[in-house]
1. Out of the residues in the range 66-88 that are over 12 Å from the mean Cα position of the chain (by Cα) and assigned to a helix (DSSP H, G or I), state the one that is surrounded by the most Cβ atoms within 10 Å (Cβ to Cβ).
2. Select from the range 89-117 the residues that are assigned to a loop (DSSP other than H, G, I, E, B), over 16 Å from the mean Cα position of the chain (by Cα) and within 25 Å of residue 48 (Cα to Cα) and list them in ascending order.
3. What are the residues in the range 17-66 that are modelled with pLDDT of 90 or more, touching a helix residue (DSSP H, G or I) at 6+ places or on another chain (Cβ under 6 Å) and within 23 Å of residue 90 (Cβ to Cβ), if any?
4. Please state which of the following conditions residue 6 fails to meet, knowing it meets all the rest: (1) surrounded by fewer than 21 Cβ atoms within 10 Å (Cβ to Cβ); (2) touching a helix residue (DSSP H, G or I) at 6+ places or on another chain (Cβ under 9 Å); (3) assigned to a helix (DSSP H, G or I).
5. When the range 71-100 is examined, which residues are found to be in contact with a helix residue (DSSP H, G or I) (Cβ under 9 Å, 6 or more places away or on another chain) and closer than 20 Å to residue 4 by Cβ?
6. Quick one: would you say residue 47 is touching a residue at least 24 places away in the same chain (Cβ under 8 Å) and either surrounded by 14 or more Cβ atoms within 10 Å (Cβ to Cβ) or more than 22 Å from residue 3 (Cα to Cα) (or both)?
């Protein structure tokens, strides 16, 4: 998890994409924060906090809980447009569109028995 910190270039808790296919959709470009990667990242932070707590590592549980809350707030403030989450935070013609599984992180936390965020 600590390895991923290098991809949070502005310190908001979310990883940024670099404008080329740097996620699981091999031909789709993403600029800045993306709903798909961001939601997966938030889910992974929540899962990491839950795992650390279960293992009794309270320092890591607190660390990942703080990162989870920070990333969740940034995700909502930077991508929510009042009706839906934008595809990404860039300025391309696709940035204001919707990706069918952009909230996949929600599915992962549900299947893991974690609360929805």
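1. Of everything passing the filter in the range 66-88, 66 is surrounded by the most Cβ atoms within 10 Å (Cβ to Cβ).
2. Selection gives 112, 113.
3. 33, 35, 38, 39, 40, 42, 43, 45
4. It is condition (2) that residue 6 fails.
5. Those that are in contact with a helix residue (DSSP H, G or I) (Cβ under 9 Å, 6 or more places away or on another chain) and closer than 20 Å to residue 4 by Cβ: 71, 72, 74, 75, 78, 79, 88, 89.
6. Yes, satisfied.
The values are calculated or read from the model by the stated rules, or taken from the named source; none is laboratory data. Since the model is a prediction, treat every value here as computed from it, not as a measurement. So basically every Cβ, Gly included, is an ideal-geometry build from the backbone, and we count neighbours across all protein chains shown.
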